[in-house]
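The values are calculated or read from the model by the stated rules, or taken from the named source; none is laboratory data. Everything quoted here is computed from the prediction, not taken from an experiment. A quick note on method: Cβ atoms are made from the backbone with ideal geometry, for glycine too, and the neighbour counts reach across all protein chains shown.
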Amino acid sequence: MNRIKLGLAALVLAMAGPDSGLAELRSERFEIPVPTPNVRKQLNEPSSRQDNTAGRLGRQNNEEAEAPAEPARVYQSACPALLDELVEAEIMPPVKSGQCGERSPLEVTAAGNVRFSSSATLNCRMAGTVANWLEKTRNLAKSILGRELDALVVSTSYQCRRRNNAPTGKISEHGFANALDITGFRFSDSGMITVEQHWQHLPGDGDSENQPPDNDKKTSGAEGRFLKAVRDVACQHFTTVLGPEANAAHADHFHFDLGCHGKTCRYKICE
Ligand SMILES: [Zn+2]
């Protein structure tokens, strides 16, 4: 359309005489680029708008095409656990530190009706998996203890460090917001069960034979059975579950993560 208009204008001016400014118009006409389909797509501009303001927009497009690249946008991912309201969480800006990082971290404050003692920075997969595990854990609290689970006592979530805080070695899954440490469970009656206080080393469990039970920490058994059941259910959901049976570093908490073990990521660690 504009080409036709400009063509007609050029014709009128040409008829008006050699000094009528035709040269200027010609040069202006040839400065007007018509965006190619690729440019149009790249700029995401509707074609009708370009048709209406082709001259002005054409120059703009030319400038934009030649302008330095915009600061890279970070494309974050939506999380099904958040969309489906399995967790209460806010999506946070990406975190990045050396080899550590997560593009779409969530700040999780609750899952189901169970609050977190403090918010946990988790990736989407962990958030959804924690929610699924926690739903079963709530049921275990009812069936084993007859109590209503109120809050999950969490400690470390995202933290850029190596495994077991070693100076060398692999980056911990905590460094990818792919792990959560849990020290205990709080109930609606204000009571609390902690891994440190209530875990029972049973005969035949891991290295328990080398670590005789500390009878001062033992209870009648329901709390210990609850923790054991919680650990076993966790092993169905997470790829790594470490507790007091794993080593001394986990004497007071459970560590859950979704790290990849083995070449096919199908191997699980449950200790
Ligand atoms: Zn941990």
Checklist entry - Which of the residues spanning region 163-183 are within 11 Å of the ligand (Cβ to nearest atom) and assigned to a loop (DSSP other than H, G, I, E, B)? => result SER172, ASN178
Checklist entry - Given the conditions (1) free of Cβ contacts under 8 Å to residues at least 60 places away in the same chain; (2) more than 16 Å from the ligand (Cβ to nearest atom), which single one is not true for LEU152? => result (2)
Next on the checklist: Can you tell me how many residues within region 220-239 are within 16 Å of the ligand (Cβ to nearest atom) and within 21 Å of ASN123 (Cβ to Cβ)?
Outcome noted: 5
Next on the checklist: I'd like to check something: does region 132-143 contain any residue that is in a strand (DSSP E or B), more than 14 Å from the ligand (Cβ to nearest atom) and either closer than 19 Å to LYS228 by Cα or within 13 Å of the chain's Cα centre (by Cα) (or both)?
Outcome noted: no
Checklist outcome for this item: Over region 240-271, the set of residues within 13 Å of the ligand (Cβ to nearest atom) and within 19 Å of the chain's Cα centre (by Cα) is THR240, HIS255, PHE256, ASP257, LEU258, GLY259
Next on the checklist: For region 105-114, check the following and say yes or no: at least one residue is more than 18 Å from the chain's Cα centre (by Cα) and hydrophobic (A, V, I, L, M, F, W, C).
Outcome noted: yes
Item to check | Residues of region 108-133 that turn out to be out of contact with any helix residue (DSSP H, G or I) (no Cβ under 7 Å at 6 or more places or on another chain) and surrounded by fewer than 19 Cβ atoms within 10 Å (Cβ to Cβ), as a count | outcome: 8
Checklist entry - Is one or more of the residues making up region 197-214 aliphatic (A, V, I, L, M) and either within 16 Å of the ligand (Cβ to nearest atom) or modelled with pLDDT of 95 or more (or both)? => result no
